[in-house]
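> Once you've had a glance at the structure underneath, I'll fire off some questions.
The values are calculated or read from the model by the stated rules, or taken from the named source; none is laboratory data. Because the structure is predicted, anything quoted here is derived from the model rather than measured. Ideal geometry is used to build each Cβ from the backbone, glycine not excepted, and the neighbour counts take in all protein chains shown. Each accessible area value is taken on the protein alone, full model and side chains, heavy atoms only, with ligands, DNA and RNA left out. Shrake-Rupley method; radii C 1.70, N 1.55, O 1.52, S 1.80 Å.
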Amino acid sequence: MVQAVSPPDQAKEKGQSQRRTQLGPILCWAVVFADIGTSVYYVPGILYGNVGSLAGFFVFLTMAVFVLPTLKYAEVTHRFPQGGGVVTVAAQAMNHWVGALGGMFILVDYFLTAAISCLSGILYLSVVLPVLGPFALEITLGTLVLLGILNWIGISASAKVSLVGATIAFLSDIALLVTVFTHLSLPAFLALFPRMFASHTLTPITILIGFAGSFLAFSGLESISQLSPVMKTPRKKVGAIALVLVVLTVGLTSPLLTMLSTLLLPRSVLEDPILSAQVVSFLGGNFGSIALQTEVAVSASALLVFASNTAIIGAYYVFLALSRMQFFPVFLLKHNTLRGTPHYAILLATAIPIIVLLLVRGNILILGDMYAFGLLGAFTLTCLGLDIVRHRERKAARTARDHPYPPGEPLEHGSEPAMARDGTTAFTQEPPSPPGHTSTKKPRTEETPPSPYAGGKMLNPWYTFKFSIGLLTTALVVTAWTTNLLAKPLATAFGGTVTVVGMGIAYFNYARHKREEHLPVAVTHSEEHLPGCTLAVLMPDNEHNDAVIHSAINHAGGKPVVFLYLGSGNSGQTPRLFEFHDPYYDDEQAQKIFGKAEHLAQKSKMKRLFLYRKLEPHALEQVWRTVHPHDTVIAAEQASHTQDINPDRVRYEVTPQGKVAHLLKGW
C-alpha cells in the first residue's frame, strides 16, 4: 500500500508542540467571548439611536435566534478542521468563487471591528481620563498604527491572554448586574418591560429593522470557526462545550445590560454621540460607586483594544488565505526578512480601518450602521453552505439506501487489445491475487444489505429535525441580512464597494492563472458518495500524473470525476490562532497538478471533486470505499501497491503521457 513515514523523533516533537498549542473548551470560550463580549460596550448606545427604548427587547429577541447559528458553527468547527470559516465552508459547499465572496464579507466585518472596537476602547478610557475625550479620534488612529507596528514586530493572538481578558470582562459584567439589582426591587425590574414599549408601536417593519440591527450585539461568533486547527480533539465535543459557555455568558450579560442601560440612564446620556458609547460604565457609576465605574471603564477599554488587535490579526490571515488560494496577489504572502511577518498583509489590515475612521470622522453611530453588511453576509454564506453539505449527505444516504449497487458499465473479462476513446491502445487482465488471498466478494442480490454509508444516521428523525432547524436558521439570517441591505444603505454602500473591489482583484488573478493553464481549486476534506464515478489517483513526483488526469476525463462517460491527491499533508508548522491551516495550500506541487486538472475538466464541463489526503496507510482505501467509484485510474507502476482495493478487474491503458491502470468495480 502507498504510505509515508515520518522520522519518529520529528513526529514526536511535532506531536508535543501541537499538544502545547491545542485549546480546550475554556480557552476556546475565552477567545470567542473576548470578541463577542466586547459588543455589549457599544451596542446599547448604537441601538438606542435606531430603536430607542426597544433596544433591550430586540437584543432579547435576537438572543433567542442567536442560539440557532451557534449550533451550525459548532458543526463547522469539526467538519472543517483546517479553519478558514466562511471561506472554507462556502468554497467547499458551493464553489471557490463563493468562497472568495465569503472572504470579502468577513474582511468587511474585520475592518469595522478593528475600527469600532479601538474607538470604543479610547472612549471608555476617556471616562477615567476626560482629557482624552476631545482627541479620541487622533488617539484611536495612533493606537491602530501602534497595533500594526506590534504585529509587524511579531506579536500574535494568545488564548491565555484572551482568558484573562474575557474572565475580567465577564466578572465585571456580573458585578455590575449584581450592583444594579441590589438597588432595584423585583417589582421595579418587572416594571421596566412595559416601559420599553411605552412610546413605541411594534409594526412588522419595526420588528424587522430592530431584529436585523440587534445582530450587532452578537458579532464575534464567527471566531469559533477560525479556531479549528488549534482545537483539541474531539473537536465536536470541545466546540459544543465552548459554544454552550458562550451562549450562557453572553445570554446572561448582553440582553440585561442593554435593557438596563437604555432604560435607567438619563436621555441626555443616551442621546449624546460620545456619552452613549460609554453607557455601561455610567451604569456602574449611577448604581454603584466611582470605583466600579472606573473598573468597568478600564477593563472595557483594555478588552476593546485587544479585540481590535484580534480583528487586525484575523484580517491579515484572511488576506493570506485568499492569496494562498490564488485569489489575491502573491506579494501579500511575502514575509519581511527582519521579523519574518507578512508586512504587506498587516499593512492592509491596519490601513483600511484607519481610512474608514477618517471617512466617518470618528462617528461611532455611523460605524455601527456600517457593521451589518459583512457580519450577516458571512453568517448567511456559512449557514447556507452547511445546509448544502447536509443536503448532499442526505441525498447520498438516500441513494445508497435505495440503490445499493448502482450499475456500472459491463465488465468483460479478457486480454484482447481494445481501442480507448481517445484512440490509444488498451488491454485488460484479471487483477493478480495476493498470496493466500481468498475472494470475499458476494453475488449481487436484492437481499444484499445496502452500503454502510446509508446507515440510517443521516436519515433518522433527529438528523431530519436538525436539517429542518438548519434551514430555519438560514432563513432567519437571510431575512436579517436582506433587511439591513435595504434599511442601512451606508452599510450596503461600504460593504458592497469593498466586496466589488475585492472580487475584481480575485477575477484579475483568476484570469491571469487561467492564461497560464493553472486555475485555483477548492479542495474538500470530506469525500462524497458518488457511485459510478471515476476516481483519479495522483501522487507526488509521479511523471504519469498527466496520463491519469487525461485518461480519467476521457473515460468518465458523463459521470463525475474525483481527483484524489495523496500528498505529504504536513506543512511543518504548528498552526496559530485564526490561521487558515490547510496543508493543501502548503503543497505547491498538488496545487499545480490540481490546477491543470481543473483547466482540462472545465473544457469537458463535467462535475468534478478535488480531494487532498495525507499519504498514509489506508488513505486510498478509505476514500475508495466512501466514494464507490466504478473506475479508479492510477499510474500503472502504482497499481501493485493498492492491495487494500478489491476491484473486479484491472485494465491497463497506454496513453501518449504514459501507462495507467483502471481498477474497475461493479459494486
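> If you go through region 258-275 one residue at a time, do you hit one that is open to solvent by less than 10 Å² (accessible area, probe 1.4 Å), in contact with a helix residue (DSSP H, G or I) (Cβ under 9 Å, 6 or more places away or on another chain) and closer than 30 Å to residue 149 by Cα?
No, the conditions are met nowhere in region 258-275.
> Filtering region 1-52 down to residues that are hydrophobic (A, V, I, L, M, F, W, C) and farther than 21 Å from residue 224 by Cβ, which residue is modelled with the lowest pLDDT?
5
> Quick check on region 105-123. Is at least one of its residues in contact with a strand residue (DSSP E or B) (Cβ under 8 Å, 6 or more places away or on another chain), on the phi < 0 side of the Ramachandran plot and among the aliphatic types (A, V, I, L, M)?
no
> If you don't mind, another one. Sort out which residues of region 624-635 are hydrophobic (A, V, I, L, M, F, W, C) and over 18 Å from residue 556 (Cα atoms), and write them in order of number.
none
> Taking interchain pairs and intrachain pairs at least six residues apart, which have beta carbon atoms under 9 angstrom, with the first residue in region 549-577 and at negative phi and in a loop (DSSP other than H, G, I, E, B) and the second of a type in the set (Val, Ile, Thr) and modelled with pLDDT under 75?
From region 549-577, the pairs are 574/21; 575/21; 576/21; 577/21.
> Also, quick follow-up: List every residue pair whose Cβ atoms lie under 9 Å apart, where the two residues are 6 or more positions apart in sequence or sit on different chains, the first residue falls within region 613-630 and is among the charged types (D, E, K, R), and the second residue, located anywhere, is in a helix (DSSP H, G or I).
Here the result reads 613/619; 613/620; 613/622; 613/623; 614/583, each pair linking region 613-630 to a residue that is in a helix (DSSP H, G or I).
> Select, from 80, 58, the only residue that is surrounded by 24 or more Cβ atoms within 10 Å (Cβ to Cβ) and over 17 Å from the mean Cα position of the chain (by Cα).
That would be 58, the only listed residue that is surrounded by 24 or more Cβ atoms within 10 Å (Cβ to Cβ) and over 17 Å from the mean Cα position of the chain (by Cα).
> Can you tell me which of 299, 281 is open to solvent by less than 50 Å² (accessible area, probe 1.4 Å) and more than 12 Å from residue 176 (Cα to Cα)?
Every option except 299 fails the conditions.
> Can you tell which of 554, 545 is more than 24 Å from the chain's Cα centre (by Cα), surrounded by fewer than 23 Cβ atoms within 10 Å (Cβ to Cβ) and among the polar types (S, T, N, Q)?
554
> Find the residue count for region 211-246, including only residues that are at pLDDT 90 or above, among the β-branched types (Val, Ile, Thr) and surrounded by fewer than 18 Cβ atoms within 10 Å (Cβ to Cβ).
Within region 211-246, residues that are at pLDDT 90 or above, among the β-branched types (Val, Ile, Thr) and surrounded by fewer than 18 Cβ atoms within 10 Å (Cβ to Cβ) number 2.
> Kindly indicate the residue of region 506-535 that is among the hydrophobic types (A, V, I, L, M, F, W, C) and surrounded by fewer than 16 Cβ atoms within 10 Å (Cβ to Cβ) and also farthest from residue 348 (Cα to Cα) among those meeting that condition.
If we take residues in region 506-535 being among the hydrophobic types (A, V, I, L, M, F, W, C) and surrounded by fewer than 16 Cβ atoms within 10 Å (Cβ to Cβ), then 511 is farthest from residue 348 (Cα to Cα).
> So residue 172 passes all but one of these: (1) farther than 25 Å from residue 372 by Cα; (2) of a type outside the set (A, V, I, L, M); (3) open to solvent by 30 Å² or more (accessible area, probe 1.4 Å). Which condition number does it fail?
Among (1) farther than 25 Å from residue 372 by Cα; (2) of a type outside the set (A, V, I, L, M); (3) open to solvent by 30 Å² or more (accessible area, probe 1.4 Å), residue 172 violates only (3).
> Starting from region 42-55, take each residue that is on the phi > 0 side of the Ramachandran plot and open to solvent by 10 Å² or more (accessible area, probe 1.4 Å) and list its partners that are outside any helix (DSSP H, G or I) and among the β-branched types (Val, Ile, Thr), counting only C-beta distances under 8 angstrom and pairs at least six apart or across chains.
Listed by first residue and then by second, the contacts come to nothing, as the list is empty.
A quick yes/no check of all residues on (1) at pLDDT 85 or above; (2) over 30 Å from residue 520 (Cβ atoms); (3) open to solvent by 10 Å² or more (accessible area, probe 1.4 Å):
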position	(1), (2), (3)
609	yes, no, yes
641	no, yes, yes
644	no, yes, yes
652	yes, yes, yes
660	yes, no, no
666	no, yes, no
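> In region 168-202, how many residues are in a loop (DSSP other than H, G, I, E, B) and of a type outside the set (S, T, N, Q)?
Number satisfying all stated conditions: 6.
> OK, next. Can you tell which of 123, 129, 68 is buried (at least 24 other Cβ atoms within 10 Å of the Cβ), among the aliphatic types (A, V, I, L, M) and over 30 Å from residue 608 (Cβ atoms)?
Exactly one of 123, 129, 68 is buried (at least 24 other Cβ atoms within 10 Å of the Cβ), among the aliphatic types (A, V, I, L, M) and over 30 Å from residue 608 (Cβ atoms), namely 123.
> Can you pull out the residues in region 203-220 that are of a type outside the set (Val, Ile, Thr) and either under 28 Å from residue 124 (Cα atoms) or in a loop (DSSP other than H, G, I, E, B) (or both)?
Result: 210, 211, 212, 213, 214, 215, 216, 217, 218, 219, 220.
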